[in-house]
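Notes for the one structure printed next.
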Amino acid sequence: GLGGGSANAATAMWAANTLMGNPATLEQMIEWSGELGSDITFFLSRGTAFCTGRGEIMTPIEPPLPTGTKLCIVKPDIGLSTPSVFKALDYDELSDLNADEVLLPAFLNANGVENVPSEYYINDLEPPAFRCVPELGELKKSLQKVTGFKHVMMSGSGTSIFCIGEPEDKEAFMKEFGETEDLQVFFSEFIGREEGEWFRRPE
């Protein structure tokens, strides 16, 4: 649910093109990426994009949203197949908020993703995923109680849950979540890339 394979594929495309002297344009790679996988296209953006369809129809956001926003990812060891989530999806539960007219402006005008009101953080796959694995829903509720996290949401079809912000009491947080045998905790941050360059590890 984090796009790891898609990120690797986009990186391999960029690297191969660079090593060959850039015979393909970015536009061509974006077009080809949609045939290889749904989420690869996003990783050819500069870090911020509005994606529709299967994820392969991308509108880059320029300039990208600010980098440096802190993020915590909590990954349960339990697995969850994407087909199972979609099979449990109830279409009557889908959000009716218009993505173009409501959600996108909410994120672009908030001066940072951490300042976007919670009602605009929507993942329609959460309810069916939580029905498949109730422990996921309980984990999200527990993470929402952590002081310092502005927003908590499942990523994609699961099972990773991302938390925007940092726990105020990191030691207590790690004791409750990081030392749990069936959970993995990763601290990260939002990054972007410069025009014509690939993403770099934050210093």
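The values are calculated or read from the model by the stated rules, or taken from the named source; none is laboratory data. Note that the coordinates shown come from a computational prediction; the quantities given were computed from them, not determined experimentally. Because the Cβ atoms are built from the backbone with ideal geometry, glycine has one as well, and the counts that use them run over all protein chains shown. When the accessible area is computed, the model is the full protein with side chains, heavy atoms only, and any ligands, DNA or RNA have been set aside. Shrake-Rupley method; radii C 1.70, N 1.55, O 1.52, S 1.80 Å.
Placing +1 on each Lys and Arg Cβ and -1 on each Asp and Glu Cβ, with no other charges, gives the stretch 94-203 a dipole about its Cα centre of roughly 140 debye.
Give the Kirkwood hydrodynamic radius (Å, one decimal) of the stretch 110-166, defined as one over the mean of 1/r across all pairs of different Cα atoms. Walk me through the numbers before you get to the answer.
Numbers: mean 1/r = 0.0851 Å⁻¹.
In the stretch 110-166 this quantity evaluates to 11.8 Å.
Helical runs assigned H by DSSP (4 residues or longer) give the chain a calculated mean residue ellipticity at 222 nm of -8000 deg cm²/dmol, each run adding -39500 (n - 2.57) before division by the residue total.
About its Cα centre, the dipole of the chain is roughly 320 debye, where the only charges are +1 on Lys and Arg Cβ and -1 on Asp and Glu Cβ.
Can you bin the stretch 53-203 into rounded, prolate or oblate? Criterion: square roots of the alpha carbon gyration tensor eigenvalues sorted a ≥ b ≥ c, rounded for a/c under 1.5, prolate for a/b above b/c, oblate for the rest. Walk me through the intermediate numbers first.
Details: a/c = 1.60, a/b = 1.08, b/c = 1.47.
Oblate.
For the pair the stretch 7-86 and the stretch 122-195, the centres of their Cα atoms are 21 angstrom apart. Note on Lys175: lysines with a C-alpha under 30 Å away, same-chain residues under 8 apart excluded, are Lys70, Lys75, Lys140, Lys141, Lys145, Lys150.
Each residue was assigned an accessible area with a 1.4 Å probe, and for Thr25 the value is about 70 Å². Cα gyration tensor of the stretch 61-148, axes a ≥ b ≥ c as square roots of the eigenvalues: rounded (a/c below 1.5), prolate (a/b > b/c) or oblate? Verdict is oblate for the stretch 61-148.
In the chain, the longest principal axis of the Cα atoms and the axis of helix 4-19 are about 20 degrees apart. Report relative contact order for the chain in percent, whole number only (criteria: Cα-Cα under 8 Å, sequence separation at least 6). Normalised by residue count, the contact order of the chain is 26 percent. For the stretch 104-181, the set of trypsin sites (Lys or Arg not before Pro) satisfying both a DSSP loop assignment and a count of at most 12 other C-beta atoms within 10 Å is given as Lys145.
State in Å² the accessible area per residue of the chain; use a 1.4 Å probe, count heavy atoms of protein chains only, and round to the nearest integer. Don't jump to the answer; show the numbers that get you there.
Details: 12030 Å² over 203 residues.
Per-residue accessible area for the chain comes out at 59 Å².
At full extension, Asn17 and Lys145 could sit 41.5 nm farther apart than now, given 0.36 nm per residue minus the alpha carbon distance. Measuring from each cysteine beta-carbon in the chain, the ones with no other cysteine beta-carbon under 4.7 angstrom are Cys51, Cys132.
You can think of it this way: the chain between Glu35 and Asp90 has 17.0 nm of extra reach, that is 0.36 nm per residue less the Cα-Cα gap.
Between helix 134-144 and the chain there is an angle of about 90 degrees, using the helix long axis and the longest principal axis of the Cα atoms.
Once the cut-off is 19 Å, how many percent of the Cα-Cα pairs in the stretch 144-203 end up in the long-distance tail?
Tail of the P(r) past 19 Å holds 42 percent of the pairs.
Going by alpha carbons, how many degrees (0 to 90, nearest 10) lie between the helix axis of 26-36 and the longest principal axis of the chain? Relative to the chain, helix 26-36 is tipped by roughly 50 degrees.
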